[in-house]
Structure formats: C-alpha cells, structure tokens
Ligand SMILES: Cc1cc2nc3c(=O)[nH]c(=O)nc-3n(C[C@H](O)[C@H](O)[C@H](O)COP(=O)(O)O)c2cc1C
C-alpha cells in the first residue's frame, strides 16, 4: 500500500555483458552530496555485477514502459534483446523512452537481511518530459490529477 515509481537498474558485468533488473526500492537520500539508495535481493544472479561495477544507471520508467518493467523482472535470458539504449559512463545502458536517467558511482553497501543496500553518488542525470510509471498494490498505475 505504498505507491512508488519504477526503475530499472543497469550496469555491465565484468565481461561487458549488460545487466539489469526492475527495482522499486529506489529513493533519494541526500542533496549535498547527491546520494541515492536502493536494495538488491542477495539471491539474484545480477548481484555480482552490481557489487563489482564502478558505476550503474537508474532508469526511471515512463508510463508507457510497463513491458520494460515486466521484462526486467522476469527470467528472460536476455533482458536487453530488442531494446535501444545509449551508453553512459563505463558503457552503462541508458534505456530509451525513460523519464529520467541517473548515472551513479557505486558507493558503500550495507547488509540488510536478505537484501543488500546500495548507497551511490549521482554523477550525471538527464530528465525528459514524460509521465512516470507507478506501482501500487501489486499493479501498474498512471498519474491522475486530484480534481
Ligand atoms: C515492481 C517491482 C519492483 C521490484 N523491486 C525490486 C527491488 O527493489 N529489489 C530487488 O532486488 N528486486 C526487485 N524486484 C524483483 C526483480 O526485478 C526480479 O526478481 C529480478 O529481476 C529477477 O531476476 P532473475 O530473472 O535473474 O531471477 C522488483 C520486481 C518488480 C516487478
């Protein structure tokens, strides 16, 4: 019952393979310096890549990217197949069609039960005039005005 946006965290594995997963635990922490936080399940295959990389990207999904969210939360072998993206710092994938991208320096990590908490510093960002994709009560939603 806590409404969030949806992000896809992307990076490169040590062999250069692009890696990503859908994440809604993302949040802002500090403005000065600009820090963000998110948590990663310890049991996921993507763990090594995110622990070892120097940079990763936060791709903030837009309202018409529900299929991108589903794809990066699935067991699909190649999450990136058929998608287009630009390369950020260290070649990290910046997916096309998002509301915003943050390029983040991998900072400290903390144990968080069955998850690992990642604290990172934003080194570059871009925003685009698109509505965000929302998640609430296990379902995808859109913004709607109050009145
Ligand atoms: C809306 C949504 C939010 C998610 N948020 C997180 C998250 O914050 N942290 C996390 O570790 N997994 C999160 N997941 C789950 C991962 O996206 C998913 O388990 C993972 O991509 C599956 O990887 P695999 O195919 O390699 O098993 C979320 C999934 C969905 C649908």
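List of remarks:
- In segment 67-74, the count of residues that are more than 13 Å from residue 21 (Cβ to Cβ) and either surrounded by 13 or more Cβ atoms within 10 Å (Cβ to Cβ) or out of contact with any strand residue (DSSP E or B) (no Cβ under 6 Å at 6 or more places or on another chain) (or both) is one or more.
- Wholly enclosed strands (runs of 3 or more DSSP E) of segment 37-147 bearing at least 1 residues closer than 22 Å to residue 15 by Cβ: 55-60, 85-87, 93-95, 100-112, 115-127
- Any hit, segment 71-79, residues being touching a helix residue (DSSP H, G or I) at 6+ places or on another chain (Cβ under 8 Å) and modelled with pLDDT of 95 or more: yes
- Test: residue 127 is within 11 Å of the ligand (Cβ to nearest atom) and at pLDDT 95 or above: no
- Scanning segment 1-16 for residues that are closer than 18 Å to residue 88 by Cα, within 13 Å of the ligand (Cβ to nearest atom) and assigned to a loop (DSSP other than H, G, I, E, B) yields one hit, 13.
- Cross-chain or 6+ apart pairs with Cβ under 8 Å, segment 28-47 first and more than 25 Å from residue 124 (Cβ to Cβ) and near the ligand (Cβ under 10 Å from one of its atoms), then assigned to a loop (DSSP other than H, G, I, E, B) and modelled with pLDDT of 95 or more: 41/114; 42/114; 43/114
- Among the residues making up segment 17-27, those that are within 15 Å of the chain's Cα centre (by Cα) and either outside any loop (DSSP other than H, G, I, E, B) or farther than 19 Å from residue 121 by Cα (or both) are 18, 19, 20, 21, 22, 23, 27.
The values are calculated or read from the model by the stated rules, or taken from the named source; none is laboratory data. Computed from a predicted model, the values in this text were never measured in an experiment. Cβ coordinates were reconstructed from backbone atoms using ideal geometry, including for glycine residues, and neighbour counts include every protein chain displayed.
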